[in-house]
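Q: Have a look at this one.
The values are calculated or read from the model by the stated rules, or taken from the named source; none is laboratory data. Because the structure is a prediction, the values reported are computed rather than measured. Virtual Cβ from ideal backbone geometry, glycine too; neighbours counted across all protein chains shown. Only protein heavy atoms, including side chains, enter the accessible area calculation; ligands, DNA and RNA are left aside. Shrake-Rupley method; radii C 1.70, N 1.55, O 1.52, S 1.80 Å.
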Amino acid sequence: MSYLDQLFKFLTSSYGLIGVVLCLLILVQANEAHRRQHWFLLALCGFAASLGEFKNEWILEAPALAFPLQQLRTMGRPLTIFLLGLLLSIAFKTPKGWRSILIPKPITYLIIVQIVIFLKTLQYGSISFAFIGIFTFGAVVLTIIYGPSRWLQDERNFELAIWSLAMVGILFVIANLYQATINVSPITVVQGLFHGTTGNPQAAAILLVLTIPCFLFLYQKHDQYPLIKQLLILFFGLVILGLISTGSRTGVLSAIFSVILYYRYYSGKLFWLLIILTVVIFGLLFVPYELDFFDIGIAFDKLSSQSNTRELVWKAQWRTFLTYPFFGIPLTSERLRYGENSWLAAGAALGLLGFIPLVIFGIKSIKMMKQLNKIAIRRPDYYPHCSVVIAGLGSLLLSSFAEAYLLGNLTFPLFALLLYEALGTYLLELDRIEQYVQQVKFKKNILSKYQRIENE
């Protein structure tokens, strides 16, 4: 069944009709006064994009989740497309504001990669898959550019953007705690490792990792609200527990890298946070496994394993790239398939035509991180803002060497990547304007002093 058929089926169901009514109410209130609702809608869209089923040659049909999670997962793709359409409708009603740069520079090169994927699939694969892929990716990019990028006009909306990313993690934690209290087996299908409502443990780990900088930022910004800080600590702990339960070494390394990037100039805070996390991790070793919960022992065995499960895939991708260096390996199916590395996957599947723009995307992203770091040094009041983007982009780039999500078109990592890039672009533009204003004020002060001296 195609996405359009699934979408029509969803819209004509009772859940879809209720959703349409609620969404129409949101559209009527599509203004700045109700912006928190719009950011929450973005969080819902990100969570819907993360929904997936684990399947392989032995498990042809994933175990059913509890109500209503099973219904949400079944309609995950059409629900995401429906929410994207709603967000686009709100985005087009959003005034431009003072922002002049809405498209992050690195994203333009990611768009080029998707165009190469479209052309190759169109030429050698399925025409329908080619158009579905490019339209879906275009809808996601347009949604972020004309929605969140335009909403980012002030401090309040910056914090709401971080809040919306954190809400994806909170929704994921709540949904899977609910499922675990009923039956834990449907969310631990892969050798007892936790994958939750996503399609595999790696996807769950990356989702959780990408929310960690947001929890650190919100914790730092809510000193005057002790209850909120306590809730943030609670959910942050559950995120760490979920991350460890995935058994994903990529996820754990990316999380550590993210925390280090966030607290790179605050060694004291970083030290104590790492101490607390170490105590939590080793404390989990003594969790009684007879409880109907995740078997942490299996996850620790996976984390401590010395096996390199990706080496053979990476070597095969590299050989393919060397064999077909210009336009990648010939396509023999309806669409492209990627291995477990965004960069090598681009080289093997797309050749230099896709690999070069992806590398430029990475270089531009690192350049943005360096520029934000300079702002954080010059403006201590903007340290949390710059650090949350640096940590988010850093963890995304690191984990992209183990997963091919940079080539995806309707996934939560893509949502998070675009939003972090948009946040970074907002901070750079804001800094340029503030510097310009300061220079103008300085020149006016000099001129007024000179005129006063002349008059005397």
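Q: Which is among the hydroxyl-bearing types (Ser, Thr, Tyr), part of a loop (DSSP other than H, G, I, E, B) and open to solvent by less than 40 Å² (accessible area, probe 1.4 Å), of Thr197, Thr211, Thr250?
A: Numbers: Thr211 fails: part of a loop (DSSP other than H, G, I, E, B); Thr250 fails: part of a loop (DSSP other than H, G, I, E, B).
So the residue among Thr197, Thr211, Thr250 that is among the hydroxyl-bearing types (Ser, Thr, Tyr), part of a loop (DSSP other than H, G, I, E, B) and open to solvent by less than 40 Å² (accessible area, probe 1.4 Å) is Thr197.
Q: From (1) open to solvent by less than 70 Å² (accessible area, probe 1.4 Å); (2) at pLDDT 80 or above; (3) assigned to a loop (DSSP other than H, G, I, E, B), pick out the condition that doesn't hold for Pro330.
A: (1)
Q: Look at Gln220 and say whether it is under 22 Å from the mean Cα position of the chain (by Cα) and open to solvent by 40 Å² or more (accessible area, probe 1.4 Å). Full working, then the answer.
A: Numbers: under 22 Å from the mean Cα position of the chain (by Cα): yes; open to solvent by 40 Å² or more (accessible area, probe 1.4 Å): yes.
So Gln220 passes the test.
Q: Is the stretch 364-373 home to any residue that is more than 30 Å from Ile81 (Cβ to Cβ), over 12 Å from the mean Cα position of the chain (by Cα) and open to solvent by less than 10 Å² (accessible area, probe 1.4 Å)? Spell out the reasoning first.
A: Taking the stretch 364-373 and keeping what is more than 30 Å from Ile81 (Cβ to Cβ), we get 366-367, 369-373.
Filter again for over 12 Å from the mean Cα position of the chain (by Cα), leaving 366-367, 369-373.
From the residues that got through so far, the ones that are open to solvent by less than 10 Å² (accessible area, probe 1.4 Å) too are 372.
Looking through the stretch 364-373, at least one residue is more than 30 Å from Ile81 (Cβ to Cβ), over 12 Å from the mean Cα position of the chain (by Cα) and open to solvent by less than 10 Å² (accessible area, probe 1.4 Å).
Q: Report yes if Ile134 is of a type in the set (A, V, I, L, M, F, W, C) and in a helix (DSSP H, G or I), otherwise no. Break it down stepwise before answering.
A: Working: of a type in the set (A, V, I, L, M, F, W, C): yes; in a helix (DSSP H, G or I): yes.
Yes, satisfied.
Q: Between residues in the stretch 212-240 that are closer than 16 Å to Ser164 by Cβ and residues that are among the hydroxyl-bearing types (Ser, Thr, Tyr) and part of a helix (DSSP H, G or I), which pairs lie under 7 Å by C-beta distance while being six or more apart or on different chains?
A: Ile212/Ser258; Pro213/Ser258; Pro213/Tyr262; Leu216/Tyr262; Leu232/Tyr219; Val239/Thr211
Q: Further question on the same structure: What's the total number of residues in the stretch 165-202 that are under 23 Å from Thr411 (Cα atoms) and in contact with a Pro (Cβ under 8 Å, 6 or more places away or on another chain)?
A: 7
Q: Restricting the search to the stretch 89-112, which residues are touching a Phe, Trp or Tyr at 6+ places or on another chain (Cβ under 7 Å), open to solvent by less than 30 Å² (accessible area, probe 1.4 Å) and assigned to a helix (DSSP H, G or I)?
A: Result: Ala91, Pro106, Leu110.
Q: Can you find a residue that is open to solvent by 40 Å² or more (accessible area, probe 1.4 Å), in a helix (DSSP H, G or I) and among the acidic types (Asp, Glu) anywhere in the stretch 143-157?
A: Yes, there is a match, as at least one residue in the stretch 143-157 is open to solvent by 40 Å² or more (accessible area, probe 1.4 Å), in a helix (DSSP H, G or I) and among the acidic types (Asp, Glu).
Q: Based on this model, can you work out whether Leu102 counts as over 22 Å from Tyr338 (Cα atoms), in contact (Cβ under 8 Å) with a residue 40 or more places away in the chain and out of contact with any Lys or Arg (no Cβ under 9 Å at 6 or more places or on another chain)? Quick ask: steps written out before the conclusion?
A: Values: over 22 Å from Tyr338 (Cα atoms): yes; in contact (Cβ under 8 Å) with a residue 40 or more places away in the chain: yes; out of contact with any Lys or Arg (no Cβ under 9 Å at 6 or more places or on another chain): no.
So Leu102 fails the test.
Q: In this structure, does Ser258 turn out to be closer than 19 Å to Tyr405 by Cβ, hydroxyl-bearing (Ser, Thr, Tyr), open to solvent by less than 10 Å² (accessible area, probe 1.4 Å) and modelled with pLDDT of 90 or more?
A: Numbers: closer than 19 Å to Tyr405 by Cβ: yes; hydroxyl-bearing (Ser, Thr, Tyr): yes; open to solvent by less than 10 Å² (accessible area, probe 1.4 Å): yes; modelled with pLDDT of 90 or more: yes.
In short, yes.
Q: Test each condition in (1) at pLDDT 85 or above; (2) open to solvent by 30 Å² or more (accessible area, probe 1.4 Å); (3) not in a loop (DSSP other than H, G, I, E, B) for Asp301 and report the one that comes out false.
A: Answer for Asp301: the failing condition is (1).
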